[in-house]
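What follows draws every value from the coordinates through simple rules; no lab data is involved. Being a predicted model, the structure only gives us computed values, none of them experimental. Neighbour counts run over all protein chains shown; Cβ positions are idealised from the backbone, glycine included.
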Amino acid sequence: MNPGPTSSFETREADWLEVSEALDRTLNAASPLAPESVGLLDAEGRALAEPITADATLPPWDNSAMDGYAVRGEDVAGASPDRPITLPVVAVVRAGGDAGTKLSPGGAVRIMTGAPIPRGADSVIRVEDTDGEEVEGHVRIASDRDRGRHIRGAGQDMRAGTTLLEAGQSVSSGVIGVLAAAGRSTVEVHRRPTVAILSTGDELRTADEYDAVRAGRGVPESNGPMLASMVRSIGADPLSLGIASDDPLALRARIQEGRSADVLVTIGGASMGEADLVKRVLDDVGFELDFWRVRMRPGSPISFGWLESDGHRQAVFGLPGNPSSAFVTFELFVRPFVLRLAGHSQVRRRVVPCIAAERFETPADLTYFQRVGLSTRDGVLTAHLTGPQVSGLVTGLARADGLAIVAPTRASVEPGEAVDVMLLDTGPAALTEAAAR
């Protein structure tokens, strides 16, 4: 049973949900934000809020798949280098040209790629199999291998009235091309979610305070910039609330600053320590807890719930402060939730089967998410650890192509054993680049 918002911090019991249940509970609570109309280029990375229907048939007519000569197949039957067939060239048709050209028996039409096929023609002979009209107005054809070929049918790309794209489709460059081909200059997409990010802890130091880190009097604040980048990478807008000290009034002020955002992400103060004040302050401002703690490593102290005031209901994720824990819990829970808010129908990362290149130790009865790099050996995709899997380390995240998912029933993954890996976006064509190493 989840305690209500008035429960004291000291008596709150952990839920210890399985990863799948925690993810289902977050996603089931997310509803797409309101739609808005934007120009095509402004739609990139957003999710369609409407289905897209073709208003025209494309191509509107049968057209040539290559440069050559449109003919009737029966007129070139038997053509060969030894027995070429010569036909008179009666017309020329270019892309975008007249679709009403007619070919009579015994003739040929010079045609360009994409040009409409003349009525009566059923074949396009490639230029390479002709003399290219050495004698002006006549073409000598030296092969009949293209009889009945190289004609693209009308409507092969789209037909008027058919659905091209469904609502919820992520808008990529390819989708922009389809929208433009469908004659759209604007499109309905869901509003970008805003995600407020609050780091907590007296020990944190920003880049302009790095002398304190060098002197051993502080810890670099890497989580805020890292999560802001992760938010931006999925087309949402990050709102940095900076760092709140371990002081209830400071925490409350920063939380209030972020109340306009669709999602609030707090980093640190997620456990039961004496200085872990985040939950206490959230309770004071009306926090409604959904769950706290998930059976996973790293990141088990994650929490999820809601703040509601003046009709605005804000989702709140409490992430652990260790960098790898914050990264993994964002990937597993915050990222898909924000994508669902943004209206995307596909919100989960791809998972691919791999072979372990080394031993992965996973001794606790938890689901592990190990940071791994990917490579190929003898044509097999293999996964290797990017370094020590301690949750307080950050450098291994930069080398990670994915997260190896190890079930609670496995105390380890031995070299050569199968393991599933959730892919990460670590760069363009990340998997291809990793496989080439």
Glu128-Ala160 FRET efficiency (beta carbon distance; Förster radius 30 Å; 0.05 resolution) | 0.25
Checked the range 351-435 with the C-alpha gyration tensor, a ≥ b ≥ c its square-rooted eigenvalues, rounded below a/c of 1.5, otherwise prolate if a/b is larger than b/c and oblate if not; verdict oblate
For the chain, the Kirkwood Rh over every pair of distinct alpha carbons, in Å, works out to 26.1
So what is the 222 nm mean residue ellipticity for the chain from helices alone, if each DSSP H run of at least 4 adds -39500 (n - 2.57) and you divide by all residues, rounding to the nearest 500 deg cm²/dmol?
-> -4500 deg cm²/dmol
What dipole magnitude, in Debye to the nearest 20, does the chain give about its Cα centre under +1 on Lys/Arg Cβ and -1 on Asp/Glu Cβ?
-> 480
Note on the range 203-267: alpha-carbon gyration tensor, axes a ≥ b ≥ c; rule is a/c under 1.5 for rounded, else prolate if a/b larger than b/c, else oblate; result oblate
Could you give the dipole magnitude of the range 202-256 about its Cα centre, charging the beta-carbon of Lys and Arg +1 and that of Asp and Glu -1, in debye to the nearest 20?
-> 140
Go through Ala14, Thr113, Ala29 and say which Cα lies farthest out towards the positive end of the charge dipole of the range 1-158; charges sit on Cβ, +1 for Lys and Arg, -1 for Asp and Glu.
-> Thr113
Per GNM of the chain with C-alpha springs under 10 angstrom, the most fluctuating residue out of Arg152, Arg280, Arg371 is Arg152
Separation between the Ala181 and Arg350 pseudo-spin-labels, each 7 Å from Cα along Cα→Cβ, expressed in nm?
-> 2.1
Given the options Gly305, Gly73, Gly218, state which has the largest fluctuation in a GNM of the chain using a 10 Å cut-off (strictly under) for Cα springs.
-> Gly73
Once phi is turned into ³J(HN,Hα) by the Karplus curve 6.51 cos²θ - 1.76 cosθ + 1.60 with θ = phi - 60°, what whole-Hz value does each residue of the range 29-36 show in order, with x for glycine and proline?
-> 8, 9, 10, x, 6, 4, x, 8
State, to one decimal in nm, how far the label point of Glu209 lies from the label point of Ser172, with both points 7 Å from Cα in the Cβ direction.
-> 4.2
One finds the C-alpha centres of the range 93-150 and the range 12-48 to be spaced, in Å, by 54
Checked the range 130-276 with the C-alpha gyration tensor, a ≥ b ≥ c its square-rooted eigenvalues, rounded below a/c of 1.5, otherwise prolate if a/b is larger than b/c and oblate if not; verdict prolate
For the range 359-375, take each phi angle, set θ = phi - 60°, evaluate the Karplus expression 6.51 cos²θ - 1.76 cosθ + 1.60, and give the result in whole Hz per residue in order, putting x for glycine and proline.
-> 7, 9, 8, 9, x, 7, 7, 9, 7, 9, 10, 8, 6, 10, x, 10, 8
Using 0.36 nm per residue of separation minus the Cα-Cα distance, give me the extension gain between Glu18 and Ser31 in nm, one decimal.
-> 2.4 nm
Top mean-square fluctuation among Gly216, Gly258, Gly268, Gaussian network model of the chain, C-alpha springs under 10 Å?
-> Gly216
Note the full-extension length gain between Arg217 and Ala398 as 0.36 nm times their separation in residues minus their Cα-Cα distance, in nm to one decimal.
-> 62.6 nm
Between Val92 and Asp365, 0.36 nm times their residue separation minus their Cα-Cα distance comes to what?
-> 90.9 nm
